1. Net charge around residue 77, counting only other residues with Cβ within less than 14 Å of its Cβ (Lys, Arg = +1; Asp, Glu = -1)?
2. Show me 5-14, 140-149 ranked by packing, highest mean number of other Cβ atoms within 10 Å first.
3. Which value, in Å², gives the accessible area per residue of the chain when a 1.4 Å probe is used on the protein heavy atoms?
4. Only bridges with both residues in the chain count here: give the DSSP antiparallel percent, nearest 5.
5. Based on DSSP H runs of at least 4 residues, each adding -39500 (n - 2.57), what is the mean residue ellipticity at 222 nm of the chain after dividing by all its residues, to the nearest 500 deg cm²/dmol?
6. Over all directions, what mean area does the Cα convex hull of the range 1-103 project, stated in square nanometres?
7. Go through 210-221, 108-119, 78-89 and give me the packing order, highest mean Cβ count within 10 Å leading.
8. Would you mind telling me the share, in percent, of accessible area of the chain contributed by carbon and sulfur at probe 1.4 angstrom?
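The values are calculated or read from the model by the stated rules, or taken from the named source; none is laboratory data. Note that the coordinates shown come from a computational prediction; the quantities given were computed from them, not determined experimentally. All Cβ positions, glycine included, derive from the backbone under ideal geometry; neighbour counts span all protein chains shown. To get the accessible areas, we keep the full protein, side chains included, count just its heavy atoms, and leave off ligands, DNA and RNA. Shrake-Rupley method; radii C 1.70, N 1.55, O 1.52, S 1.80 Å.
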Amino acid sequence: MFSPQGPSLRELVVQALSSVERGYDLLAPKFDHTPFRTPDNVLGATADALRPFGPFGEGLDVCCGTGAGVRALRPLCQGRLTGVDFSTGMLAQARQAHPDVEWVRAEVRALPFVETFDLAVSFGALGHFLPTERPLLFSKVYRALRPGGMFAFPIAAPLPLTSVSYWTLLGFDIVMRVRNAVWRPPFIMYYRTCPLQAVRRDLTEAGFTVTTAPLAALGRREDGSPRYRLVLARRP
Ligand SMILES: C[S@@+](CC[C@H](N)C(=O)[O-])C[C@H]1O[C@@H](n2cnc3c(N)ncnc32)[C@H](O)[C@@H]1O
């Protein structure tokens, strides 16, 4: 699962027993060698699906980590690119990899932007927010976008009960729930808390007009439906 340059099991355990912010600070130097960094094929498929809606002006990567999302934003945006994250360690890596991008340290539930961006993306981060926190997060992204701006992120289709991945992710979420019941500070990261229907409802309540587009390049399930869709939330 991890390359030799990735974190050791001991490092992962220490990180998982920290807060989300501290955990990512510790993981940052090795993050790009873990499967948690969004892979290039997902970034490429996202850029391809967004291209017909562009070109965009200024772009924002929400929970940018080490800056993977810049690869999707760069070919789509003609204006300035910004990444926002609360982990100083992750931002330091991002700054080193993409010095021309503006990197902002902020809690995204208190996103400090008003009508600034034309496109916002987010990769691999929704599981860090409890369902009750999503409306606040989405309202802050809505406020950060200019009227007509778009918020886009990939979302996986539900896994079949018969797949190994279904049971792996269920097992992960159960371990994290037990960990968070007995250990402080909490590390919120659950894979199974963001079904499309609930995400769509929360985005709509925040004021977005929501559609989705298939990310067919990322594969299909046995019934032929796409394994991933891109959520396209437009600020009217
Ligand atoms: C799994 S990483 C994803 C990084 C990157 N988007 C990618 O796909 O490779 C999740 C990121 O979300 C950030 N994050 C989580 N909760 C956050 C919050 N409440 N405010 C700001 N950043 C947050 C973490 O610091 C971490 O860098």
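1. Values: positive: 51, 71, 74, 80, 146; negative: 58, 61, 100, 102, 118.
That works out to 0.
2. Answer by packing, highest mean first, reads 140-149, 5-14.
3. Values: 11620 Å² over 236 residues.
In whole numbers, the chain has 49 Å² accessible per residue.
4. Working: 14 of 31 bridges.
If we restrict to bridges inside the chain, about 45 percent are antiparallel.
5. Working: 8 runs with 81 residues, N = 236.
Computed ellipticity for the chain at 222 nm equals -10000 deg cm²/dmol.
6. Values: hull surface 26.2 nm².
The number I arrive at for the range 1-103 is 6.6 nm².
7. On the way: 210-221: 15.9, 108-119: 17.8, 78-89: 19.8.
Those peptides, ordered most packed to least, come out 78-89, 108-119, 210-221.
8. Details: 6870 of 11620 Å².
Using a 1.4 Å probe with all protein chains present, the chain comes out at 59 percent carbon and sulfur.
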